[in-house]
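K.L.:
Please see the structure below; I have some questions.
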């Protein structure tokens, strides 16, 4: 790694954490320069505006999805349905670790900047697509266990919906209960789908 | 209405709209004064800080829940399950009307200010409680149609989870598809619960 790329990386990583902890608007380029120990000239050399820095942060999140969110679950869980719930459990652990603060960094940025920054919005959508893509892959691997008419793409959207809505309520209440309640409801729904799937394959075999 | 209360109301309503459209951090007290045609002295007479103004906005949302969100649905829909989906359809209409912008004002504020402003967080939680309370009321009215072991409080949490997560994705994609997909999945889940409930009451009657 060259000194240049390491300075740039340090700036992006610092911005990523500040945007996550305090939000995009509440973070200034001066905050980023100070916390990353970069000179302002150096920061402006890489990023002329805060929006450009945000775009780099969102690219970084695309790259972090596998090593931070997916791989730790996939390496210890093999059942595709349990992998979905393992990913959801990762967000629960994040809430426990932070005392129900911070939440999902992409979700936060989605609600804060989507209307005003179209290029950032596109990268936020790309992050959501990547996340849903892994869920969809799990659901596809379990497709023989579901009823034939289940729309797995819709179900993958729904899993992300549940994670984001549940994180939001856990933060508002500073309490894991709404998160656990929402995941329990999703589990009940998926269990019902799997039970119907098992019933059908049984009747096909008989 | 006195001149004083009308000035205060105008300031709160202006702040409500600015926070909704641009977010809390991106809105300054000077913006609020300018858009509400209030003199700064007048604004500071009512609200010494932006946080105090936010608290008044959140109180206003508690009061707006019935006339803006609930009553328009309840006045034209009587079936309790369809009332739940009618409320969700209201948010869909909001997305259509704004071109998938702005979203749920309480959800936006939840992710933006919960960690830093504890008094605002409490009022956001109160808004969520009020919303879920109406959903819970609908589910309670339909309780004989559900299986006996359905946890209606968890299900009410889940409905709010679905609305918030679905609105977020619709905004990120500037597209109603994720919203419609999420509501379709919730509908499928509730239909399965109702089908099981109908089966049970049938077997009780026989």
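The values are calculated or read from the model by the stated rules, or taken from the named source; none is laboratory data. Since the structure is predicted, the reported quantities are computational estimates derived from the model, not experimental observations. Every residue, glycine among them, receives a Cβ derived from its backbone with ideal geometry; neighbour counts consider all protein chains shown.
K.L.:
Does segment B:130-141 contain any residue that is under 19 Å from residue B:73 (Cα atoms) and more than 19 Å from the chain's Cα centre (by Cα)?
P.N.:
Among the residues of segment B:130-141, at least one is under 19 Å from residue B:73 (Cα atoms) and more than 19 Å from the chain's Cα centre (by Cα), which makes the answer yes.
K.L.:
Something else now. Considering segment A:118-145 alone, what residues qualify as being at the interface with chain B (Cβ under 7 Å from one of its Cβ atoms) and touching a helix residue (DSSP H, G or I) at 6+ places or on another chain (Cβ under 6 Å)?
P.N.:
A:124, A:125, A:128
K.L.:
Out of (1) in the same structural domain as residue A:8 (by TED's automatic domain parsing); (2) crowded, with 17+ Cβ neighbours inside 10 Å; (3) in a helix (DSSP H, G or I), what's the single condition that is false for residue A:34?
P.N.:
(2)
K.L.:
Conditions first: (1) within 14 Å of chain A (Cβ to nearest Cβ); (2) modelled with pLDDT of 95 or more; (3) surrounded by fewer than 22 Cβ atoms within 10 Å (Cβ to Cβ). Residue B:86 passes all but one, so which condition is the exception?
P.N.:
Tallying (1) within 14 Å of chain A (Cβ to nearest Cβ); (2) modelled with pLDDT of 95 or more; (3) surrounded by fewer than 22 Cβ atoms within 10 Å (Cβ to Cβ), residue B:86 fails exactly one: (1).
K.L.:
Got a sec? Which of B:195, B:148 is more than 9 Å from chain A (Cβ to nearest Cβ), farther than 25 Å from residue A:171 by Cα and outside any helix (DSSP H, G or I)?
P.N.:
Within the list B:195, B:148, the selection yields B:148.
K.L.:
If we scan segment B:124-135, do we find a residue that is touching a residue at least 12 places away in the same chain (Cβ under 8 Å), buried (at least 22 other Cβ atoms within 10 Å of the Cβ) and in a loop (DSSP other than H, G, I, E, B)?
P.N.:
Taking every residue of segment B:124-135 in turn, none turns out to be touching a residue at least 12 places away in the same chain (Cβ under 8 Å), buried (at least 22 other Cβ atoms within 10 Å of the Cβ) and in a loop (DSSP other than H, G, I, E, B).
K.L.:
Could you list all residues from segment A:167-187 that are facing another protein chain (nearest Cβ under 7 Å), in contact (Cβ under 8 Å) with a residue 40 or more places away in the chain and under 21 Å from residue A:69 (Cβ atoms)?
P.N.:
A:168, A:171, listed by residue number.
K.L.:
What are the residues in segment B:5-31 that are surrounded by 17 or more Cβ atoms within 10 Å (Cβ to Cβ) and in a loop (DSSP other than H, G, I, E, B), if any?
P.N.:
B:23, B:24, B:25, B:26, B:27
K.L.:
While we're on this one: Just name the residue that is surrounded by the fewest Cβ atoms within 10 Å (Cβ to Cβ) out of those in segment A:40-66 that are more than 16 Å from the chain's Cα centre (by Cα) and free of Cβ contacts under 8 Å to residues at least 24 places away in the same chain.
P.N.:
Step by step, filter segment A:40-66, then rank; the result is A:41.
K.L.:
Tell me the residue from B:166, B:181 that is over 18 Å from residue A:133 (Cβ atoms) and out of contact with any strand residue (DSSP E or B) (no Cβ under 8 Å at 6 or more places or on another chain), please.
P.N.:
B:166
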